[in-house]
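The values are calculated or read from the model by the stated rules, or taken from the named source; none is laboratory data. Remember, it's a predicted structure, so these values are computed and weren't measured experimentally. Backbone-built Cβ (ideal geometry, glycine too); neighbour counts: all protein chains shown. Heavy atoms of the whole protein, side chains included, go into the accessibility calculation; ligands, DNA and RNA do not. Shrake-Rupley method; radii C 1.70, N 1.55, O 1.52, S 1.80 Å.
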Amino acid sequence: MYLGEEIKKLGFGLMRLPQKDGVIDLEETQKMVDLFMENGFTYFDTAWAYTGSEEAIRKTLVERYPRDSFTLATKNAAWINCKTREEALAQFDLSLEKSGAGYFDFYLLHNLGAHRTKVFEDFDLWNYFLKKKEEGLIKHLGFSFHSTPEELDEILTKHPEAEFVQLQINYADWENPAIQSRANYEMARSHGKPVVIMEPVKGGLLANPPESVAKILKEAEPDSSCASWAIRFAASLEGVITVLSGMTYVPQMEDNLAYMKDFTGLTDAQQEVIRKAQDALDRIPLIPCTTCNYCAKVCPKNIGISGSFTAMNIYTLYGNKQFAQRQFGWLVGGHGKDVPGACIKCGKCEGVCPQQIAIRDELERVAETFE
Ligand code: SF4
Ligand code: SF4
């Protein structure tokens, strides 16, 4: 039990909700919400920055279930285009209005790390949200984070009022120097903070891992999905409030619910399987893009950055250029985005990328491969 809440260790991440004709498919979302609740899961994670997500959860959850039957988390991204404190504060009010939730069980300063941390300091947002907590509009205040353990240590030392931390943790990034899942997790725990885990499946990549990895997982448990290994690994860590899975399809949710319903932790033998999968992954170089699309919000040229990287990773993993090329066409041009060759190399994207990808260099590689 953490923070006075009894929460099952699977959270519904609302960042990748099902889409129809370019907007969130409410009918499908509602099916997923109902399925999730019926199975006794209660944690929902949205954000001001997830376009349409807060309204979708109002219609499919908040207006249909008693307020105390679920737990809602949302986030403030003051570093996205806020020039004044008032603009940053307005995100809180807008989240309340759009979600209709009345209060937030968990409120997060979204994506602290690097220059983004300073924006919350400059606008004195920590104190503002503490006031909202006193008013009962926030139950638990915390932050999500993408940066180094040293910086996490600094923030937690300066802000002991943070009650929890949301971190990117998955078996592929456990020792990845750009993400430092293990070191950040250990830092949060050394400050006594419980952890919410995000990106356990690494933006979906670990649902369909490379053949060498899938072979190890399938040999160990032929009937378990590869995604289940990723989520179970994260949920086995001590001090975890919940593991967020950004679910998009009903079958994906059904799979998650089935193995997480009575999950108590991976055995030693299963942990050994994960170690073997990590070794196999280490031998394949991929672009570590999680499709968060923060870069898309700041790119002045509307370059299809995440789509380009997804296509490039497909090519690296499966070696099928024709298939990857088709993906590139669909994920970039098909989504109204411009090709990497149109990049003006301003670098704005790299300033917001939580994965610290050398986006400009990688885009050049993509342009050489697909354009
Ligand atoms: S460097 Fe290129 S991709 Fe990145 S923000 Fe600038 S124009 Fe967009
Ligand atoms: S390049 Fe970075 S910011 Fe852009 S979608 Fe990928 S991970 Fe997110």
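Using a Cα-Cα cut-off of under 27 Å, which lysines could be cross-linked to K20, ignoring same-chain neighbours fewer than 8 residues away?
Partners found: K31, K59, K75, K98, K202, K297, K301, K337.
Taking the Cα centre of region 10-277 as origin, sum charge times position over the Cβ atoms of Lys and Arg (+1) and Asp and Glu (-1), and report the length of that vector in debye to the nearest 20.
Working: 28 positive and 41 negative charges, 32 e Å.
So the dipole magnitude of region 10-277 works out to roughly 160 debye.
Rounded, prolate or oblate: which fits the chain, taking a ≥ b ≥ c as square roots of the Cα gyration tensor eigenvalues, rounded meaning a/c under 1.5, else prolate when a/b beats b/c? Display every interim value, and only then the final one.
Details: a/c = 1.38, a/b = 1.15, b/c = 1.20.
Verdict is rounded for the chain.
Under a 1.4 angstrom probe, counting protein chains only, how are V196, V62 ranked by accessible area, largest first? Don't skip to the answer; put the middle values down first.
On the way: V196 0, V62 25 Å².
Per-residue accessible area, sorted high to low, gives V62, V196.
Using the Cα gyration tensor of region 294-370, with a ≥ b ≥ c the square roots of its eigenvalues, what is the shape: rounded (a/c below 1.5), prolate (a/b larger than b/c) or oblate (neither)? Write down the numbers at each step before the final one.
Values: a/c = 1.93, a/b = 1.53, b/c = 1.26.
Prolate is the answer for region 294-370, as a/c is 1.5 or above and a/b outweighs b/c.
Let me have the relative contact order for region 294-370, percent, based on Cα pairs under 8 Å that are six or more residues apart. Don't skip to the end; give the middle numbers.
Working: 91 pairs, mean separation 29.7, N = 77.
Computed value for region 294-370: 39 percent relative contact order.
Taking amide H positions as placed in the peptide plane 1.01 Å from N, state which residues far from S224 in sequence (5 or more) or on other chains have amide H under 5 Å from it.
When sequence neighbours closer than 5 places are left aside, there are no close amide H contacts.
Leaving out ligands and nucleic acids, note down the accessible area per residue over region 10-277 with a 1.4 angstrom probe, in whole Å². Mind dumping the intermediate values first?
Values: 10610 Å² over 268 residues.
Solvent-accessible surface per residue comes out at 40 Å².
G52's amide H: which non-local residues (gap 5+, or another chain) put their own amide H closer than 5 Å, with H modeled 1.01 Å from N in plane and none for Pro or chain starts?
So G52 has HN proximity to no qualifying residue.
Less than 17 Å apart at the alpha-carbon level, and either on another chain or at least 8 residues along: which lysines does that give for K276?
K215, K218
How many percent of the accessible area of region 58-112 is carbon or sulfur, using a 1.4 Å probe? Provide the component values of the computation, followed by the final result.
Numbers: 1020 of 2050 Å².
C and S atoms contribute 50 percent here.
Counting only protein heavy atoms and using a 1.4 Å probe, what share of the accessible area of region 237-299 belongs to carbon plus sulfur, as a whole percent?
50
Roughly speaking, what is the stretch gain from D268 to R85, that is 0.36 nm per residue apart minus the C-alpha to C-alpha distance, in nm to one decimal? Can you show the working numbers first?
Values: separation 183, 0.36 × 183 = 65.88 nm, distance 4.96 nm.
Contour length minus Cα-Cα distance gives 60.9 nm.
Please work through the chain and write down the cysteines that have no neighbouring cysteine Cβ at a distance under 4.7 Å.
Lone cysteines by the Cβ rule: C82, C226, C289, C292, C299, C343, C346, C353.
Could you list which residues have their amide H under 5 Å from that of D338, counting only those 5 or more apart in sequence or on another chain, with H placed in the peptide plane?
Here I303, G304 satisfy the definition.
Kyte-Doolittle mean at least 1.6 and Cα extent at least 24 Å along the axis: which DSSP H helices of the chain qualify? Walk me through the numbers before you get to the answer.
Numbers: long enough: none.
Within the chain not a single helix satisfies the rule.
Considering only DSSP beta bridges with both partners in the chain, what is the antiparallel share in %, to the nearest 5?
Numbers: 3 of 33 bridges.
Antiparallel bridges make up about 10 percent of those DSSP assigns within the chain.
If the cut-off is 16 Å between C-alpha atoms, which aspartates and glutamates fall inside it for K139, apart from same-chain ones fewer than 8 positions away?
Of all the aspartates and glutamates, those that pass the test against K139 - Cα under 16 Å, at least 8 places apart if same chain - are E5, E6, D45, D68, D93, D105, E161, E163.
I'd like to know which of W126, L26, A172 lies farthest towards the positive end of the charge dipole of region 10-277, counting +1 on Cβ of Lys and Arg and -1 on Cβ of Asp and Glu.
Positive-end residue among those listed: W126.
Can you compute the helix-only [θ] at 222 nm over the chain? Use -39500 (n - 2.57) per DSSP H run of at least 4 residues, normalise by all residues, nearest 500 deg cm²/dmol. Provide the component values of the computation, followed by the final result.
Numbers: 16 runs with 164 residues, N = 371.
So the calculated ellipticity at 222 nm is -13000 deg cm²/dmol.
Can you send over the solvent-accessible area of D45, 1.4 Å probe, protein chains only, in Å² to the nearest 10?
Here the residue's solvent-accessible area equals roughly 10 Å².
What number comes out for accessible area per residue over region 319-358 if the probe is 1.4 Å? Units Å², please.
On the way: 2200 Å² over 40 residues.
Result: 55 Å² per residue.
Just need the relative contact order of the chain here, percent rounded to a whole number, with Cα pairs under 8 Å and 6+ apart. Spell out each step's value before the answer.
Numbers: 611 pairs, mean separation 53.2, N = 371.
About 14 percent, as a whole number.
I need the shape label for region 126-174. Rule: rounded when a/c is under 1.5, else prolate if a/b > b/c, else oblate, with a, b, c from the alpha carbon gyration tensor. The partial results should precede the final answer.
On the way: a/c = 3.83, a/b = 1.89, b/c = 2.02.
Here region 126-174 falls in the oblate category.
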